[in-house]
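Visitor: This structure is in C-alpha cells; I'll ask about it shortly.
Values in this text are rule-based calculations from the coordinates and carry no lab data. Predicted model, so just to flag it, every value in this text is computed and none were measured. Counting neighbours? That spans all protein chains shown, and the Cβs are built from the backbone with ideal geometry, glycine included.
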Amino acid sequence: MLIRLDVKSLLITSYILSMKKLLFLSLLIILVLGACQGEDRFPVCGNDEISDLPWFKEKIKEFGGEGEFAQYQYVLAADYQGGKAFIFGNCCPFCLSVFLVYDCNGNELGYLGTGEGGIPSSELMNQTLIWKAENSSCNFE
C-alpha cells in the first residue's frame, strides 16, 4: 500500500508540474500576441490613422514600390511646430539622398538638413518609425 501511494503521489506531482508549464506557456503566448500591433495603426493628424491618409498611401506606393532600392526605404513621424511631420528617408549605404519632410496634408515642408529650406533634425522631436519596406535592410535598434 505504501508503494502505491508513492507512485500515485508521483503521478499527481508530475501532472501538476505539466499543468503549470502549460499555463505558463499559454500566458506567454497571450502576452506576445497582445503586444503585436499592425504598423499602420499609428494615430496621427487628429484622429486619423496612417492608413486613413490617402496622400500617405500614394507616397508609400511611389516611395516603397518594387525595385532594388525598395529595401532601404522608411518613414518616420515626428513632432514639428505643434503638429506632426513625416520624414521619408532611406538607409541606402551608397546613395546620396535628400530626406523630404511632409505635413499631415501631404504638403512638402522642406528637407532634412540645415541649408536653405532645410529643417534641422533637432527640430523634429519624438521621431518614431511608422513604416519600412517589408524586406527592409535598415537597422532601427
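Visitor: Whose amide H sits under 5 Å from the amide H of residue 138, counting only residues 5 or more places off or on another chain, with H placed in the peptide plane?
Guide: For residue 138, whose amide H was placed from the backbone, there are no distant partners under 5 Å.
Visitor: Here's another thing I want to ask about it. Would you kindly derive the ³J(HN,Hα) couplings of region 75-83 from the backbone phi angles with the Karplus curve 6.51 cos²θ - 1.76 cosθ + 1.60 (θ = phi - 60°), listing them in order in whole Hz, with x for Gly and Pro?
Guide: Karplus values, whole Hz, x for Gly and Pro: 9, 10, 9, 8, 7, 8, 6, x, x.
Visitor: For region 50-132, what does the alpha-carbon gyration tensor say about shape, rounded, prolate or oblate, given a ≥ b ≥ c as the root eigenvalues, a/c under 1.5 as rounded, and a/b over b/c as prolate?
Guide: The shape class here is oblate.
Visitor: Here is a follow-up. Which net charge results when you count Lys and Arg as +1 and Asp and Glu as -1 among the other residues whose beta-carbon is under 15 Å from that of residue 80?
Guide: Net charge around residue 80: -3.
Visitor: Which whole-Hz ³J(HN,Hα) couplings does region 84-90 yield from phi under the Karplus relation 6.51 cos²θ - 1.76 cosθ + 1.60, θ = phi - 60°, glycine and proline marked x?
Guide: My calculation for region 84-90 gives 9, 10, 10, 9, 8, x, 8 Hz in order.
Visitor: Taking H as built 1.01 Å from N, whose amide H comes closer than 5 Å to the amide H of residue 80, not counting residues under 5 places away?
Guide: Sorted by chain and number, the residues that satisfy this are 85.
Visitor: Using a basic spin-label model with each label point 7 Å from the Cα along Cα→Cβ, how many nm lie between residue 61 and residue 135?
Guide: Between residue 61 and residue 135, the simple spin-label model gives 2.1 nm.
Visitor: Please go through region 54-130 and write out the chymotrypsin sites (Phe, Trp or Tyr not before Pro) that DSSP classes as loop and that have at most 12 other C-beta atoms within 10 Å.
Guide: Here the chymotrypsin sites (Phe, Trp or Tyr not before Pro) that fit, given the DSSP loop and packing criteria, are 94.
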